[in-house]
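Please treat every number below as a calculation from the coordinates, not as lab data. This structure is a prediction, so every number in the text was calculated from the model and none was measured. Here the Cβ positions follow ideal geometry from the backbone for every residue, glycine too, while neighbour counts run over all protein chains shown.
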Amino acid sequence: MRRWIMHVDMDAFFASVEQFDNPDLMGLPVIVGGQSDRGVVSTCSYEARVYGVHSAMPMMEARRLCPQAVFLPGRMKRYQEVSREIMTIFDSFSPLVEQLSVDEAFLDISGMELLAGSERDIGFKVKRSIKEKTGLTASVGIAPNKFLAKLASDMQKPDGLVVIRAEEAEVMLKPMSVRRIFGIGRSAEKSLLQFGIETIGQIADADLGILRKALGNNAALVKQLAHGLDDRPVVNDYAAKSIGKECTFEQDLHTEDERRHAVLDLCGRVGWRLRRSGVVGYTVTLKVKFASFKIITRSITAEGPVAYDEEIFALAQKLMQSVKWSEGVRLLGVSVAHLEPANAVPVLNFSEDERLGKRNQAVDILKAKFGEDIIKRGF
Ligand code: TTP
Ligand code: MG
């Protein structure tokens, strides 16, 4: 399967939120940041960037460059709120999302282009979804790896969408300044210059020994990047997270059979998300919302890690037995918490694991290709 990584970065994030919340500011230079004499600019709208204002600039200088701008102190709580909305949108597009900062994330969308038409279509969908739900624009970069995806999202800002293909990467990178490589700051740039190296193309062609002198231990990684290669995975911040899925039913469920089927379906969706994210979990939680809107949750912690549909379902069934089903069910949810990387866990029950592993792998291949509704299991 071809790897496709998407990098999404919101445009002039804090300033755009201010403009959206107060339409009078639309089209005006807006500068957000510390208002005292020693304050610095957090960010500014693209209308203010025309005057040379940028992030991290002293506020005094920004006032001098663009005195007619609207100056605002910023509302961190509000930005966090919008940030959460955006991250939820990302989660709905991919089970494998790595948040980098308040307004940007990597999404692993490998295989999904088979579903959605093309990787560019997925980019459009993400942008449209953000626009619809938050009113804001984002710039999207799509490429075979993180390095190129981040570069791509920056190439057509604001409201951009750029796809870089593996075969065009090296030629495109060649003339770029070494500073375009994430992690090469002013001092690394200086040391490279001592060896006459100014462009990414020159790094690609340089002798590794020379690069080591200039960059130390990072030399090999940087040389790879200069060739457009980067196999760093997209990693979930799974320690803080659980992976789960909920479903509100059009009509309340009343029978054990209906509940069992619904929970089985949820376990399949959760299992798929765990495996795609390369994690296993220990605690399974069942959430039930009854017709009366009363909500209960029940949790169980397994002795060993779980990631296969059958394992999650076995635990969820135990939880179902502990619930008093005295009324109709409006919503059911299954989630798995206490996550860790799958490769950190030694396999104990080898033959059983192998059997389950093969079965789950077959399901995963179908889901990646045709979407997760392609297959439903019966036990
Ligand atoms: P960025 O994504 O770097 O900037 P941006 O979204 O404002 O603009 P761009 O269109 O170029 O992406 O940072 C996201 C937010 O983080 C930004 O809106 C404000 C905050 N921030 C600071 O507070 N200080 C800083 O120095 C930077 C760079 C960002
Ligand atoms: Mg941004």
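Considering the chain as a Gaussian network with a 10 Å cut-off on Cα pairs, which listed residue, N145, N217, N360, attains the greatest mean-square fluctuation? Ranking N145, N217, N360 by mean-square fluctuation puts N217 first. Summed over all non-identical Cα pairs, the Kirkwood treatment of region 260-301 gives a radius of 11.7 Å.
The GNM of the chain, with springs linking C-alpha atoms under 10 angstrom apart, assigns the highest mean-square fluctuation among H254, H54, H338 to H254.
Region 148-198: which trypsin sites (Lys or Arg not before Pro) are DSSP loop and have at most 15 other beta-carbon atoms within 10 angstrom? Walk me through the numbers on the way to the answer.
On the way: sites: K150, R165, R179, R180, R186, K190; in loops: R165.
For trypsin sites (Lys or Arg not before Pro) across region 148-198 that sit outside H, G, I, E and B with at most 15 neighbouring Cβ atoms in 10 Å, the list reads R165.
Here the Kirkwood formula puts the hydrodynamic radius of region 141-289 at 19.1 Å, using every distinct Cα pair.
State to the nearest 20 debye the size of the charge dipole of region 242-370 about its Cα centre, where the only charges are +1 on K and R beta carbons and -1 on D and E beta carbons.
320 debye
The order of M172, M10, going from fewest to most other C-beta atoms within 10 Å of their C-beta, is M172, M10.
Here K287 is the anchor, and the aspartates and glutamates within straight C-alpha reach of less than 18 Å, apart from those fewer than 8 places off in the same chain, are E246, E250, D252, E256, D257, E258, D265, D309, E311, E327.
Hey, which of these cross-link pairs are over 23 Å Cα-Cα: K245/K367; K157/K241; K157/K223; K133/K367; K289/K367; K241/K369?
K157/K241; K157/K223; K133/K367; K289/K367; K241/K369
Taken over the chain, the convex hull of the Cα atoms encloses 183 Å³ per residue. The aspartates and glutamates within cross-link reach of K213, meaning a Cα-to-Cα straight distance under 16 Å and a gap of 8 or more places when in the same chain, are E189, E198, D205. Once the convex hull of all Cα atoms in region 169-226 is built, its volume per residue stands at 66 Å³.
Compute, for region 169-226, the length of the dipole vector about the Cα centre, with Cβ point charges of +1 (Lys, Arg) and -1 (Asp, Glu) only. Units Debye, rounded to 20.
Result for region 169-226 is approximately 200 debye, rounded to the nearest 20.
Computed across region 42-170, the Kirkwood radius stands at 16.3 Å (inverse of mean 1/r, all Cα pairs).
Charged side chains reduced to their Cβ positions (Lys and Arg at +1, Asp and Glu at -1) give region 1-164 a dipole of some 140 debye around its Cα centre. Computing Rg and the Kirkwood Rh from the Cα coordinates of region 1-56 gives a ratio, Rg/Rh, of 1.16.
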